[in-house]
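Only one structure is covered here, and it is reproduced in the block below.
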Amino acid sequence: MAGSGHYLYDSNIMRAPGSQAGSIRSYGLFGESGQLPDVLHCETIAARSSLHSWELASHRHTRLHQLLLLREGRGKAWLESGAVPLARQTLVNVPVGDVHAFSFSPGTQGWVLSLPDELVAQQLAGEPALRQPLERAVAVPVPAAAAAPLTSLFDLLWAAYGEDGVAGRSLALRGLGTAVLGLAGRALAEASSDAVESAGSRVLRRFEALLEQQFASAWRVRDYAQSLGVTPAHLSRVARSATGFPVSRLVDARRMREARRQLAYTTASVAAIGELVGFEDPAHFSKVFARTCGCSPRAFRASVTQPAGRAFDGPAAAARRTKI
């Protein structure tokens, strides 16, 4: 590693991942108790892990925030949330004080950036959207479009780190380190957003399937939420985010769609149709129908029971007027 003393490697930091011997060790930088001797610290994954059979035992850093990017190879990270597999173009974020350990396949390529906590706090002061994703220890795959500029920045940072004595080195390191932090934070925020969106999509799909089964029942929002294993508040957030409407409106809309079919194509009474779609009180059914469809059930039926030649136009026109 260019620009750093060999003493950093003689730290006895390593034990096999998962070993119970001793206690979790805390370090300022890579086994040393002193403060960071530079603006930041950058090294390759191979530089240190290859000296210890490609395994880095459980430890934490008291004043350093670390970012790792795997360029090639694979491995596993042990974070406080559990074990996570590592592959090509995986970004690992380790906040200050979080316990972590690594095991890499021989020949793994990539970088480790260690940033002083005060520098991270200073740079994120005006970036609240990035602060939260950077506060969680996590390993996420980075899409190729985002990995390319991040890889280029790490390359530039690694080169600048080795330029001891070059004018402007500290300034360049601060700038490049901040740029890496910014792109890494963005990648972590997008990964977190995708995960939330994906989880929300799964909940919404399950809700839609359940609604098809239960819309004619007297189920309320809490009943759907309980069946899905989520809170009513969470189900409502997912529904509003995806459709713009609360769960109750979606349930009513599905009930009224069936009611319109029954009114248009059967001779059942309004009260019977209301009961068929889950309303015990005919007055309540009529009220919800009017609010949802813009007219009373009887008025809707009258609009679609026209002489031959207009029977098809009636429901279509009514459907065009209907809103959730």
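Derivation of every value follows stated rules applied to the coordinates shown; laboratory data play no part. Owing to the predicted nature of the structure, the values given are computational and were not obtained by experimental measurement. Reconstructed Cβ throughout: ideal geometry from the backbone, glycine too, with neighbour counts over all protein chains shown.
If you rank SER286, SER296 by fewest surrounding Cβ atoms within 10 Å, what's the result?
SER296, SER286
Tell me the Kirkwood hydrodynamic radius of segment 61-126 in angstroms, computed as one over the mean inverse distance between distinct C-alpha pairs.
When all Cα pairs of segment 61-126 are included, the Kirkwood radius is 12.6 Å.
Give the separation of the Cα centroids, segment 219-295 to segment 61-140, in Å.
When both Cα centres are located, 47 Å separates them.
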